[in-house]
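Contents: one structure, followed by commentary.
The values are calculated or read from the model by the stated rules, or taken from the named source; none is laboratory data. Model, not experiment: these values are computed from the prediction. Glycine also receives a Cβ, built like all others from the backbone with ideal geometry; neighbour counts cover every protein chain displayed.
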Amino acid sequence: MKTLRITALILFLLATMTALVRAGELEVGDFTFAGPLGSDGTRIEKVAKNHFRVTLAHAPNHPEWPNKLNFQIVRNAKGNDLCLEVLFDGGKSMAFNEYFQSWSYDGKTWQPMQWEKGYKQSPQQDWLTFPVFERDRVFIGTQVPMSFEEVEELIQRWKKHPAVKVHVIGKSLEGRSLYRLEITDPARKIPREKRWVHYFANQHPGEHNSQWRIVGMVDWILSNEAAQFRRNSICHVVLMMSPDGPSHGWYRVNAEGVDMNRSYRAAGSDKKEQAHEAFLWQKDLETLMASASPVTTIWSCHTWSGIVEPLLTPGPEIGSRLPPWTEFARIMQAHDTRSLIKPLKLRTGATSYGSTTWTGGPHAQFGITAILCEGAATLFTKEENVESGKVLIKAIADYYSGHK
Ligand SMILES: [Zn+2]
């Protein structure tokens, strides 16, 4: 009986000591690189107290492209700070630290976190230093992160609005739904074929700031302020063309390792010639183009350096049915009271990335207005990115006012 009590006491003391040691500092086992925001193949090792070395792996088919740093501390963060040394040895062509990171306690409210050196100075090795955490669980991701699960939550919220129809045009290679929203006033006072049609999509799954820009557009389209715009127009919205990306940390590619903005086929969609999702999306666009309400403008939404940068390849309505493109630029600037967006510029011929992209491709195939909507790497918060989308959509609503 006495022995039993002593054994129980020893076990209790051991458990307490283990807990105290564990609460003292972070361990490798407290991190996960799997989940809705993940980073495939990442290795982590402990260097010193709360100091870890992380080595990133690469995208499928692209040994030179690092996966993005997305992970969770699943427990034990409270009371600990964190220093991460991050490495990638696959080359300098696409640096993992080109964009800022964000961290969060709930995966919704994000704080920006800047790299110590930056990609120009140190593209293959950099450091992140986090303050002492106040909660045990922490999420870390690239830009202002968005998981595919969050895309589905947003769609659940938006689809309650009577103007929203949700189309699932197929499944990704890993079985995720490919969602296209169609937003237009269901009342038929202005016939569908008279409405302007805009198509907004994100091709590169890791370019999250551009996804939040699209969220800002949708939120405005569904607001009371936009009631007339919903009567005049039809908006198609694809928040993520390559939804398998975020859980793997893939920045530009699908599961086949194909760059999702170099896989358009201006000669027409072709199942054999194209990446899986690229083919399904282009076939869907071709169906829209063959309908009574073909797309007037196509917006290909990305992230690169600086503030938002829209680049216009004009279609036939610009400067004929509608005022010159410079008027579109003027309207956009007038709405942009916080300087989130560079003045609209023309992008034609030699300055384009060509017909395998979602601007050059649809413009070559159908002659429609195409906008490469880039930038926003220096918009560090969800709020600013959402706001930039609202500015753009208000300018679209003003320039494409009335109906066809
Ligand atoms: Zn891109």
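Here are some notes:
- Residues that are out of contact with any Leu (no Cβ under 8 Å at 6 or more places or on another chain), of a type outside the set (Ser, Thr, Tyr) and either more than 15 Å from the ligand (Cβ to nearest atom) or modelled with pLDDT under 95 (or both) are absent from the stretch 201-212 altogether.
- The selection criterion, being crowded, with 21+ Cβ neighbours inside 10 Å, hydrophobic (A, V, I, L, M, F, W, C) and either touching a helix residue (DSSP H, G or I) at 6+ places or on another chain (Cβ under 9 Å) or assigned by TED's automatic domain parsing to the domain that holds Ser300 (or both), does not hold for Trp158.
- Which listed residue is farther than 19 Å from Ile155 by Cα, in the same structural domain as Lys283 (by TED's automatic domain parsing) and modelled with pLDDT of 95 or more, from Asn232, Asn224: Asn232
- Selected residue (criterion: surrounded by the fewest Cβ atoms within 10 Å (Cβ to Cβ)) from residues of the stretch 118-132 that are closer than 13 Å to Phe96 by Cα and of a type in the set (Phe, Trp, Tyr): Trp127
- Within the stretch 213-230, not a single residue is out of contact with any Phe, Trp or Tyr (no Cβ under 8 Å at 6 or more places or on another chain), β-branched (Val, Ile, Thr) and within 16 Å of the ligand (Cβ to nearest atom).
- Matching residues in the stretch 77-117 - criterion: being surrounded by fewer than 21 Cβ atoms within 10 Å (Cβ to Cβ) and touching a helix residue (DSSP H, G or I) at 6+ places or on another chain (Cβ under 9 Å): Lys78, Gly79, Asn80, Gly107, Lys108, Thr109
- On the stretch given as the stretch 215-228, residues that are within 25 Å of the chain's Cα centre (by Cα) and either in a helix (DSSP H, G or I) or more than 13 Å from Val164 (Cα to Cα) (or both) total 8.
- Scan of the stretch 290-306 for residues that are away from the ligand (no atom under 16 Å from the Cβ) and either touching a helix residue (DSSP H, G or I) at 6+ places or on another chain (Cβ under 7 Å) or of a type in the set (A, V, I, L, M) (or both), ordered by number: Ala290, Ala292, Ser293, Pro294, Val295
- For the stretch 236-276, the set of residues classified as within 14 Å of the ligand (Cβ to nearest atom), in contact with a Ser or Thr (Cβ under 8 Å, 6 or more places away or on another chain) and of a type outside the set (Phe, Trp, Tyr) consists of Ser242, Val253, Asn254, Met260, Asn261, Arg262, Ser263, listed by residue number.
- Pair list, Cβ < 6 Å and 6+ apart or interchain, from the stretch 294-310 residues that are touching a residue at least 24 places away in the same chain (Cβ under 8 Å) to residues that are aliphatic (A, V, I, L, M) and within 14 Å of the ligand (Cβ to nearest atom): Trp299/Ile371; Ser300/Leu372; Cys301/Ile214; Thr303/Ala376; Thr303/Ala377; Ser305/Ala377; Val308/Ala376; Pro310/Ile371
- Residue among Leu69, Leu37 that is outside any strand (DSSP E or B), touching a Pro at 6+ places or on another chain (Cβ under 7 Å) and modelled with pLDDT of 95 or more: Leu37
- Every pair of residues 6+ apart whose Cβ atoms lie under 6 Å, when the first sits in the stretch 189-212 and is farther than 15 Å from Ala376 by Cα and β-branched (Val, Ile, Thr) while the second is outside any loop (DSSP other than H, G, I, E, B) and away from the ligand (no atom under 16 Å from the Cβ): Ile190/Arg231; Val197/Ile234
- The residues of the stretch 364-374 that are over 16 Å from Val215 (Cα atoms) and not polar (S, T, N, Q), listed by number, are Ala364, Phe366, Gly367, Ile368, Ala370, Ile371, Leu372.
- Test result for Gly354, under 27 Å from Gln282 (Cβ atoms) and within 16 Å of the ligand (Cβ to nearest atom): yes
- Taken over the stretch 102-117, the residue count meeting the criterion of being more than 15 Å from Leu87 (Cβ to Cβ) and assigned to a loop (DSSP other than H, G, I, E, B) is 7.
- Those residues of the stretch 198-234 which are of a type in the set (Asp, Glu) and farther than 14 Å from Cys373 by Cα, in sequence order: Asp219, Glu225
- Candidates Ala397, Ala377, Ala370, Ala364 - the one that is assigned to a helix (DSSP H, G or I) and either farther than 27 Å from Gln228 by Cα or touching a strand residue (DSSP E or B) at 6+ places or on another chain (Cβ under 6 Å) (or both): Ala364
- Flag if Leu344 is buried (at least 16 other Cβ atoms within 10 Å of the Cβ), closer than 30 Å to Met113 by Cβ and not hydroxyl-bearing (Ser, Thr, Tyr): no
- Residue count, the stretch 136-181 (criterion: more than 19 Å from Gly35 (Cα to Cα) and of a type outside the set (Phe, Trp, Tyr)): 19
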